[in-house]
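Structure first, commentary second.
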Amino acid sequence: MARIELQNIFHTYDPSTVPEEQRQYAVSGLDITFSDGSANALLGPSGCGKTTILNIISGLLQPSKGRVLAGNSNVTALAPRERHIAQVFQFPVIYDSMNVYDNMAFPLRNQKMPEPEVNRKVLEIAEILELTDILKAPSTSLNAADKQKISLGRSIVRQDTMAVLLDEPLTVIDPKLKGNLRRKLREVQAQLKKTMIYVTHDQHEALTFADNVAIVKDGRLIQQGTPKELHAQPATPFIGYFIGSPGMNLLECELKDHKLRFADFQIRVTEKIKKRLNSYGNRFQLGIRPESIVVSAAPEGQDVDFRVSVIENTGAYKVVTCEKRSTRIKARVPEDVQVKEGGTIWAAFPEDKVNIFYNEQRII
Amino acid sequence: MKNRGWLFLIPAIAILAISAFIPLMTVINYSLHYIFAGSDPTFVGFENYIEVLRDPAFLKALGRQLIFSTMILVVEIPLGIAIALAMPKRGIGATISLVLLGIPLLIPFNVVGIIARVLTHSSVGLIPGFFALFNYNFNVALDPLDAYMTIFILDVWHWTPLVALLCYAGRQAIPDAFYQAAQIDGASAWKTFRYVTLPKLRSVLIIGFLLRFMDSFKIYAEPLLLTGGGPGDATTFLSLHVARKAESYQLGYAGASSAIYLFIVIVFSYIFFQLMTNIGKGENQ
């Protein structure tokens, strides 16, 4: 296992005949470090360059510019088989003509490992993945989740694996088995301490799997941190909206005197915040998470009144969409607070829970 | 009857009856009678069958046929796979190869036979002319081996493209991830072929194998046009043998040998199908 580092990676699929200024970059100026033995996620919307990054790490793709380091050695020019980076694909990739055991033994046998040692390794990994009972079964007879486990098994059975890449591994798994396999992945990572990089567009999968999440948009890294950091302190409004369900409420506002003026209402701010904001300018974006909005049935202090338009009940809490003329926000309301569609509620935006963005960057 | 859905089956049943069932029953009916022009057929039971199975000419034609079909399968299937894997996967090269492969398939059997006849003509043909350079007297009308090999090579040229096209289509349907996984797992080129390509081509190969077996077992136009089954009976394959008997009004014999012929094709096809569907599925490892 080793640390994987991407240094200033650029990649374009345009041929070199396209003039430099017209090239479309799938990945540009990417610097990411995945520390040794860590559980990482690469999170981003579809088409953001995730798969390109993955293929650059595994060696299936040569970056147009930049370096890939595994451990302390530069592996940029190495072929996939020389890099010892394993990969689990979106849909289960198994060798149909082999049984479960032979599938897992395949990478070891390719390394000409002596058979008793192959046997020991395969049994050890099968135990961890709970595949021991079906080792002799034809691999085609299994469900997608078990097949995906075999894929994972093949990638972790090798001693010399530097890192395991998981490319949206739960896409084709039955919802019932999804949770199971997700837990298993996490468990295997924690137990074997292998560097794993989980690529997904699903924030739930990324946040539950990884300790370190890198968010990528348009081929650029926009923030890297623990799930908690990303949730509480998103670097840009995009991350605020992308992480969390439902996403962060984002409202344009202008600072005037001691008030933040929104399109349809205004709220007072303290002297401290005002000073901070004044040093930047006067147009901002305010972000507040639905669960941070304090909702009450009666006005209090400087609450703002909203009309309730939609209530979505999840059981443990309600997600309420509220409107005030053209402004629309979502708030998470505990089950015991009474609200009804068409009624009025009062909302407060606690200053310590508010994020303020200037020029697409978080300043508070 | 409430459910009139079965009415929709009538056209299909009618076509099947006209194209297969009625001719087949006619043949079987013939095979159980002694038929001679001008007199009424006499029922003779299985006598015709016994006569066919004891006829050295039939047995020799059958042996020739089995050897021929075996050679066809042994050469055309691996060659077809090799061509398919060597073909470019996209771009102009892929289009050109597909067109080139398609050309032989568009030429009718009898035209192929005539082309062969012109090419091998002892005085004006290109092939005898070519062999003359090496002082070899190539003559399909006189040398049994020359005639046999000409038909064999003709069939390989004519039908290997079918196997290649089937495999090409099958190869295109294999997701890249399988090859990437094999690469990451450190598999050699041979192992990648053995464990990724070949198992994934299984279903198209079953079709290709069965089609080539059944078609080669029925070969008729090429030997007929090239040498009429000669020299001697060197290229008298099963179909030619049966047709000759029918042409000489031995309808009982022809019927019985046709039935045996059909039975052999069905039995072999069934065995091949079973073997190929179950082979290497990983159960017994």
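The values are calculated or read from the model by the stated rules, or taken from the named source; none is laboratory data. All values reported here derive from a predicted model rather than from experimental measurement. All Cβ positions, glycine included, derive from the backbone under ideal geometry; neighbour counts span all protein chains shown. Just the protein is used for accessible areas: all its heavy atoms, side chains included, with ligands, DNA and RNA removed. Shrake-Rupley method; radii C 1.70, N 1.55, O 1.52, S 1.80 Å.
Which of the residues belonging to segment A:268-284 are closer than 21 Å to A:Ala331 by Cβ and either open to solvent by 20 Å² or more (accessible area, probe 1.4 Å) or at pLDDT 85 or above (or both)?
If the condition is that a residue be closer than 21 Å to A:Ala331 by Cβ and either open to solvent by 20 Å² or more (accessible area, probe 1.4 Å) or at pLDDT 85 or above (or both), then A:Arg268, A:Phe284 are the ones that fit.
Select from segment A:95-124 the residues that are of a type in the set (Val, Ile, Thr) and crowded, with 23+ Cβ neighbours inside 10 Å and write down the one among them that is nearest to A:Leu177 (Cα to Cα). Steps first, answer last, please.
Of all residues in segment A:95-124, those of a type in the set (Val, Ile, Thr) come to A:100, A:118, A:122.
Keeping just the survivors that are crowded, with 23+ Cβ neighbours inside 10 Å gives A:100, A:122.
Working: A:Val100: 19, A:Val122: 23 Å.
Going through the qualifying residues, I end up with A:Val100.
Looking at this structure, is B:Phe237 of a type outside the set (Asp, Glu), open to solvent by less than 20 Å² (accessible area, probe 1.4 Å) and either over 23 Å from the mean Cα position of the chain (by Cα) or away from chain A (no Cβ under 14 Å) (or both)? Before you say what the answer is, go through the steps one by one.
Numbers: of a type outside the set (Asp, Glu): yes; open to solvent by less than 20 Å² (accessible area, probe 1.4 Å): yes; either over 23 Å from the mean Cα position of the chain (by Cα) or away from chain A (no Cβ under 14 Å) (or both): yes.
Yes: the conditions hold for B:Phe237.
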**OP:** Determine which single condition B:Val140 fails, assuming it passes every other condition in (1) among the aliphatic types (A, V, I, L, M); (2) in contact with a Leu (Cβ under 9 Å, 6 or more places away or on another chain); (3) modelled with pLDDT of 85 or more.
**Re:** (3)
Original post:
Applying the selection to segment B:107-166, what residues are among the aromatic types (Phe, Trp, Tyr), farther than 30 Å from B:Ile207 by Cβ and either under 15 Å from the mean Cα position of the chain (by Cα) or open to solvent by 70 Å² or more (accessible area, probe 1.4 Å) (or both)?
Top reply: B:Phe130, B:Phe134, B:Tyr136
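For segment A:138-190, give me each residue that is among the charged types (D, E, K, R) and over 23 Å from the mean Cα position of the chain (by Cα). Working first, answer last.
In the first step, residues of segment A:138-190 are kept if they are among the charged types (D, E, K, R); the result is A:146-147, A:149, A:154, A:158, A:160, A:167-168, A:174, A:176, A:178, A:182-184, A:186-187.
A:Asp146, A:Lys147, A:Arg154, A:Arg158, A:Asp160 - these are the residues of segment A:138-190 that are among the charged types (D, E, K, R) and over 23 Å from the mean Cα position of the chain (by Cα).
Does segment B:223-237 contain any residue that is within 22 Å of B:Leu24 (Cβ to Cβ) and assigned to a loop (DSSP other than H, G, I, E, B)?
Of segment B:223-237, the ones within 22 Å of B:Leu24 (Cβ to Cβ) are B:237.
Next cut, assigned to a loop (DSSP other than H, G, I, E, B) only: B:237.
For segment B:223-237, residues within 22 Å of B:Leu24 (Cβ to Cβ) and assigned to a loop (DSSP other than H, G, I, E, B): present.
Every residue in segment A:187-202 that is of a type in the set (S, T, N, Q), surrounded by 15 or more Cβ atoms within 10 Å (Cβ to Cβ) and over 21 Å from A:Ala70 (Cα atoms), please. Please lay out each step first, then the result.
We begin by selecting, within segment A:187-202, every residue of a type in the set (S, T, N, Q); these are A:189, A:191, A:195, A:200.
After this cut, where a residue has to be surrounded by 15 or more Cβ atoms within 10 Å (Cβ to Cβ) as well, the list is A:189, A:195, A:200.
Hit for segment A:187-202 is A:Thr200, nothing else.
Which of the following residues is within 28 Å of B:Thr197 (Cβ to Cβ), aliphatic (A, V, I, L, M) and modelled with pLDDT of 85 or more: A:Leu123, A:Leu42, A:Leu78, A:Leu69? Full working, then the answer.
Details: A:Leu123 fails: within 28 Å of B:Thr197 (Cβ to Cβ); A:Leu42 fails: within 28 Å of B:Thr197 (Cβ to Cβ); A:Leu69 fails: within 28 Å of B:Thr197 (Cβ to Cβ).
Exactly one of A:Leu123, A:Leu42, A:Leu78, A:Leu69 is within 28 Å of B:Thr197 (Cβ to Cβ), aliphatic (A, V, I, L, M) and modelled with pLDDT of 85 or more, namely A:Leu78.
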Original post:
Name the residues in segment A:86-108 that are facing chain B (nearest Cβ under 9 Å) and over 25 Å from A:Tyr198 (Cβ atoms), would you?
Top reply: A:Asp96, A:Ser97, A:Met98, A:Asn99, A:Tyr101, A:Asp102
**OP:** Answer with yes or no whether A:Arg67 is basic (Lys, Arg), open to solvent by 20 Å² or more (accessible area, probe 1.4 Å) and either out of contact with any strand residue (DSSP E or B) (no Cβ under 6 Å at 6 or more places or on another chain) or over 30 Å from A:Leu131 (Cα atoms) (or both).
**Re:** yes
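Just checking, which of A:Ser151, A:Ser141 is touching a Pro at 6+ places or on another chain (Cβ under 6 Å) and either buried (at least 21 other Cβ atoms within 10 Å of the Cβ) or without any contact (Cβ under 8 Å) to a residue 60 or more places away in the chain (or both)?
Numbers: A:Ser141 fails: touching a Pro at 6+ places or on another chain (Cβ under 6 Å).
A:Ser151 is the lone residue from the list that is touching a Pro at 6+ places or on another chain (Cβ under 6 Å) and either buried (at least 21 other Cβ atoms within 10 Å of the Cβ) or without any contact (Cβ under 8 Å) to a residue 60 or more places away in the chain (or both).
Looking at A:Gly315, A:Gly301, A:Gly287, can you tell me which residue is at pLDDT below 85 and either open to solvent by 60 Å² or more (accessible area, probe 1.4 Å) or outside any loop (DSSP other than H, G, I, E, B) (or both)?
Values: A:Gly315 fails: either open to solvent by 60 Å² or more (accessible area, probe 1.4 Å) or outside any loop (DSSP other than H, G, I, E, B) (or both); A:Gly287 fails: at pLDDT below 85.
Going through A:Gly315, A:Gly301, A:Gly287 in turn, just one is at pLDDT below 85 and either open to solvent by 60 Å² or more (accessible area, probe 1.4 Å) or outside any loop (DSSP other than H, G, I, E, B) (or both): A:Gly301.
Only one residue in B:Ser203, B:Ser248, B:Ser239 is under 30 Å from A:Asn110 (Cα atoms) and at pLDDT below 90, so which one is that? Spell out how you get there, then give the answer.
Numbers: B:Ser248 fails: under 30 Å from A:Asn110 (Cα atoms); B:Ser239 fails: under 30 Å from A:Asn110 (Cα atoms).
None of the other options fit; the residue is B:Ser203.
Which residue out of B:Tyr253, B:Tyr261 is among the aromatic types (Phe, Trp, Tyr), modelled with pLDDT under 90 and within 20 Å of B:Ile67 (Cβ to Cβ)?
Values: B:Tyr253 fails: within 20 Å of B:Ile67 (Cβ to Cβ).
None of the others qualify; the one that does is B:Tyr261.
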**OP:** With the condition kept exactly as written, say whether any residue in segment A:158-181 is part of a helix (DSSP H, G or I), open to solvent by 50 Å² or more (accessible area, probe 1.4 Å) and either among the aliphatic types (A, V, I, L, M) or within 14 Å of chain B (Cβ to nearest Cβ) (or both).
**Re:** yes
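For segment A:340-356, state whether one or more residues are part of a helix (DSSP H, G or I) and within 14 Å of A:Asn249 (Cα to Cα). Walk me through it before giving the result.
Here is the first cut: in segment A:340-356, the ones part of a helix (DSSP H, G or I) are A:351-353.
Pick out the ones that are also within 14 Å of A:Asn249 (Cα to Cα) and you get A:353.
Checked segment A:340-356: at least one residue is part of a helix (DSSP H, G or I) and within 14 Å of A:Asn249 (Cα to Cα).
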Subject >> Members of segment B:161-217 found to be outside any helix (DSSP H, G or I) and touching a helix residue (DSSP H, G or I) at 6+ places or on another chain (Cβ under 7 Å), listed by number >> reply: B:Ile174, B:Asp185, B:Gly186, B:Ala187, B:Leu201
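Kindly provide the set of residues from segment B:171-206 that are of a type in the set (A, V, I, L, M) and either surrounded by 15 or more Cβ atoms within 10 Å (Cβ to Cβ) or within 11 Å of chain A (Cβ to nearest Cβ) (or both), ordered by number.
Of all residues in segment B:171-206, those of a type in the set (A, V, I, L, M) come to B:173-174, B:177, B:181-182, B:184, B:187, B:189, B:196, B:198, B:201, B:204-206.
Listed by number, the residues that qualify are B:Ile174, B:Ala177, B:Ala181, B:Ala182, B:Ile184, B:Ala187, B:Val196, B:Leu198, B:Leu201, B:Val204, B:Leu205, B:Ile206.
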Original post:
Is there a residue in segment B:250-266 that is on the phi < 0 side of the Ramachandran plot, aromatic (Phe, Trp, Tyr), part of a loop (DSSP other than H, G, I, E, B) and within 22 Å of the chain's Cα centre (by Cα)?
Top reply: no
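Out of segment B:80-95, which residues are open to solvent by 60 Å² or more (accessible area, probe 1.4 Å) and within 20 Å of B:Gly208 (Cα to Cα)? Quick ask: steps written out before the conclusion?
Initially, segment B:80-95 is screened for residues open to solvent by 60 Å² or more (accessible area, probe 1.4 Å), giving B:85-86, B:89-90, B:92, B:95.
B:Leu85, B:Ala86 - these are the residues of segment B:80-95 that are open to solvent by 60 Å² or more (accessible area, probe 1.4 Å) and within 20 Å of B:Gly208 (Cα to Cα).
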Subject >> Hits in segment B:92-108 (condition: more than 13 Å from B:Pro161 (Cα to Cα) and not in a helix (DSSP H, G or I)) >> reply: B:Pro108
Original post:
Which residues, taken from segment A:6-26, are more than 28 Å from A:Ser73 (Cα to Cα) and open to solvent by less than 80 Å² (accessible area, probe 1.4 Å)?
Top reply: A:Asp14, A:Pro15, A:Val18, A:Pro19, A:Arg23
